[in-house]
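*Asks:* First, the structure itself, so that you have it in front of you.
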Amino acid sequence: MSDDFRDLLLARSPTHWWHAGMRANTRAFAGRLRGRVLDIGCGPGQELAELSADAWGVRLVRADAGRLPFADGQFDWVLALDVLEQGSVVPARALGEARRVLRAGGGLVVRVPAHPWLYGPHDLFWGGARRFRRGELTALVQGAGFSIRRLSYANALLFLPAVAARLLGRATGLGSDDMRPLPGPLNRLLLAVLGLEARWLARRDLPCGLSLLCLAQRTE
């Protein structure tokens, strides 16, 4: 992701419905994170700013997700949120490094875009090189030495209109930056929709959606 993209994330992530709503969904899904937390795809650091834990961000310390500058077993949690799909990241290597820096029994939270058939201008614009099938993510996480505690889709209530928009964008080549700021009332409405999902994800999984959320634990 280029500096230009990071500038966009910095400007939009605090209030844009998708960014704010997906942060709420992820927190509800994972529960309260205690101890030292490392975010290996922190972008401008908005997720870190909302954590009450001792939080570190890979991009804030200008590190590489595939070669983390931390000793073994230093963290209680590792977050990999919308990073494994990035073209500059080798997913298996990043997860291997996540396992290395986690203490025994430490937790991993992963969020990735779902459904390879939706890949298009949106993904290219934000640096994405891949989208994931549920089984593919399962195999990747387990193969890196984690046991999966929960695996769910997210962003389900808006799934059908979002699919239509993404397929239209792929057909026309338009719609790459489809997360532009919206008028306040519409932004609040869409944020409220994701807020409903967050309440659901606090206790239950979702059967469909644009993203996949995975909660896993480091195995011995």
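Any read-out appearing in this document is the output of simple, stated calculations on the displayed coordinates, not a laboratory observation. Only a predicted model underlies this, so the values are computations on that prediction, with no experimental measurement involved. Please note: Cβ atoms are built from the backbone with ideal geometry, for glycine as well, and neighbour counts cover all protein chains shown.
*Asks:* At a Förster distance of 30 Å, what's the computed FRET efficiency of LEU186 paired with GLU136, Cβ-Cβ distance as r, to 0.05? Write out the running numbers ahead of the final one.
*Replies:* Working: r = 34 Å, r/R0 = 1.13.
Between LEU186 and GLU136 the formula returns 0.35.
*Asks:* I've got another one for you. Could you work out how far apart the two model spin labels at LEU174 and LEU157 are, taking each label as a point 7 Å from the Cα in the direction of the beta carbon, and quote it in nm?
*Replies:* 2.8
*Asks:* Equivalent ellipsoid semi-axes for segment 155-220, as square roots of 5 times the alpha carbon gyration tensor eigenvalues: give them largest first, rounded to whole Å. Intermediate values should be presented prior to the final figure.
*Replies:* Details: eigenvalues 139, 64, 26 Å².
The equivalent ellipsoid of segment 155-220 has semi-axes of 26, 18, 11 Å.
*Asks:* Provide ARG204, ARG134 in ascending order of the number of other Cβ atoms located within 10 Å of each residue's Cβ, fewest first. Each step should come with its number before you reach the end.
*Replies:* Values: ARG204 11, ARG134 14.
Going from least to most buried by this count: ARG204, ARG134.
*Asks:* I would also like to ask the following. Using 0.36 nm per residue of separation minus the Cα-Cα distance, give me the extension gain between GLU220 and ARG149 in nm, one decimal. Walk me through the numbers before you get to the answer.
*Replies:* Values: separation 71, 0.36 × 71 = 25.56 nm, distance 1.52 nm.
Difference between extended and current length: 24.0 nm.
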